[in-house]
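A.B. asks: Structure in structure tokens, see below.
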Protein chains: 2
Amino acid sequence: MKKIDILKKLRSSGLRPTKQRVEIAKFLFEREKTFHFTVESLNKFFTKKSASKIALATIYNTVHAFKTAGHLSEVEVRGNKTYFDTNVSNHHHFYDSDTSELIDIDVNDIIIQKIPKAPNGKKIKNVEVFINLKN
Amino acid sequence: MKKIDILKKLRSSGLRPTKQRVEIAKFLFEREKTFHFTVESLNKFFTKKSASKIALATIYNTVHAFKTAGHLSEVEVRGNKTYFDTNVSNHHHFYDSDTSELIDIDVNDIIIQKIPKAPNGKKIKNVEVFINLKN
DNA sequence: TTTCACTTTAGAATAATTATAAACTAAGAT
DNA sequence: ATCTTAGTTTATAATTATTCTAAAGTGAAA
Ligand SMILES: [Mn+2]
Ligand SMILES: [Mn+2]
Ligand SMILES: [Zn+2]
Ligand SMILES: [Zn+2]
């Protein structure tokens with residue numbers, strides 16, 4: 001994803017392309033593959049690796065703004081921290097608790113042949129499959 | 001589950017059947033159906049409903065001891081609080097985010113016909129299906 | 001009964017996240 | 001180009017869930 005696209009992405013979401021948002025968006029979206037991260041890992045990158053320091057509150061604000069705009073999704077993982085995902089399409093996960101690593105599974109690589117109907121007057125919003133790994 | 005069984009359950013897990021543990025175990029296991037709860041909901045019960053007040057730290061200690069002993073499982077739910085489950089068998093969940101309610105799905109009510117093989121030298125420990133509901 | 005490892009408890013500490021409010025800035029209006 | 005202001009950043013405080021601490025209490029073996 002190019003810088004021009006990043007500016008478009010922000011503006012089309014009603015987010016002013018501030019210096020901080022553009023920097024974070026470049027780090028998150030200017031790459032070949034999607035990935036998973038936590039606010040802590042993101043903050044570490046901007047504290048250590050990057051020259052510019054971005055306030056932790058801004059990282060939280062920005063991640064939430066991107067999530068609300070649909071540019072990030074959240075993955076529920078056992079543990080304290082919240083995991084975010086730059087893959088916003090419907091997909092599943094392997095989880096390696098040894099390394100705390102999430103690995104994407106394409107939605108077409110899992111086929112569910114039998115599923116119960118939703119209770120009450122409810123409908124199924126989406127189905128998430130989470131496969132825990134061991135050695 | 002009867003009181004005598006609760007005492008057995010505790011003793012066979014190497015847990016002394018203290019007044020607090022027996023009270024909590026009776027509340028958790030002395031019922032027909034399994035259910036889901038949070039430490040907060042459990043604490044509310046013993047603060048309001050029950051005559052005896054149990055320290056919050058004891059509730060945490062006991063829930064962890066029961067989990068370690070295999071009498072409780074933990075369900076990962078989006079949000080801040082940790083959900084526990086008195087159903088320790090392999091099963092799946094519906095989740096109603098409107099009411100924050102978990103509903104069990106029997107393991108046989110979901111059949112997965114295609115699943116990717118585990119990466120690297122890893123194996124699949126277990127598969128959890130989480131079905132989000134909407135209205 | 002005596003003993004002591006195990007347990008409970010109040011309160012402090014920690015960790016992740018959110019709120020606050022003052023300083024700053026992108027961008028439309030003049 | 002400057003003005004204006006709503007949107008944004010930031011340091012810091014506050015909140016929330018959970019864990020730790022260490023002193024007082026207790027189940028159960030001897
Ligand atoms: Mn989590
Ligand atoms: Mn959670
Ligand atoms: Zn993913
Ligand atoms: Zn359950």
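The values are calculated or read from the model by the stated rules, or taken from the named source; none is laboratory data. None of the values given here were measured: they were computed from a predicted structure. FYI the Cβ positions are ideal-geometry reconstructions off the backbone, even for glycines, and counts take in every protein chain you see.
A.B. asks: If a residue must be within 9 Å of another protein chain (Cβ to nearest Cβ), of a type outside the set (Phe, Trp, Tyr) and not in a loop (DSSP other than H, G, I, E, B), how many such residues does segment B:93-133 contain?
C.D. replies: Of the residues in that region, 20 qualify.
A.B. asks: Scan (1) at pLDDT 95 or above; (2) crowded, with 17+ Cβ neighbours inside 10 Å; (3) within 15 Å of ligand 4 (Cβ to nearest atom); (4) in a loop (DSSP other than H, G, I, E, B) for the single condition B:Phe84 breaks and write down its number.
C.D. replies: Result: B:Phe84 passes all but (4).
A.B. asks: So, one more: Residues that are surrounded by 12 or more Cβ atoms within 10 Å (Cβ to Cβ), part of a loop (DSSP other than H, G, I, E, B) and charged (D, E, K, R): does segment A:71-79 have at least one?
C.D. replies: Yes, segment A:71-79 has at least one match.
A.B. asks: Continuing with this model, one more query. Consider A:Asn80 carefully, then state whether it is within 16 Å of ligand 1 (Cβ to nearest atom) and out of contact with any Phe, Trp or Tyr (no Cβ under 9 Å at 6 or more places or on another chain).
C.D. replies: yes
A.B. asks: Could you identify the single residue in B:His64, B:His91 that is within 26 Å of B:Asp5 (Cα to Cα), more than 16 Å from DNA strand C (Cβ to nearest atom) and free of Cβ contacts under 8 Å to residues at least 24 places away in the same chain?
C.D. replies: On inspection, the qualifying residue turns out to be B:His91.
A.B. asks: Got a sec? Which of B:Lys33, B:Lys44 is away from chain A (no Cβ under 14 Å) and assigned to a helix (DSSP H, G or I)?
C.D. replies: The match here is B:Lys44.
A.B. asks: Among the residues of segment B:76-91, are any farther than 22 Å from A:Ile131 by Cβ, within 13 Å of DNA strand D (Cβ to nearest atom) and over 18 Å from the mean Cα position of the chain (by Cα)?
C.D. replies: no
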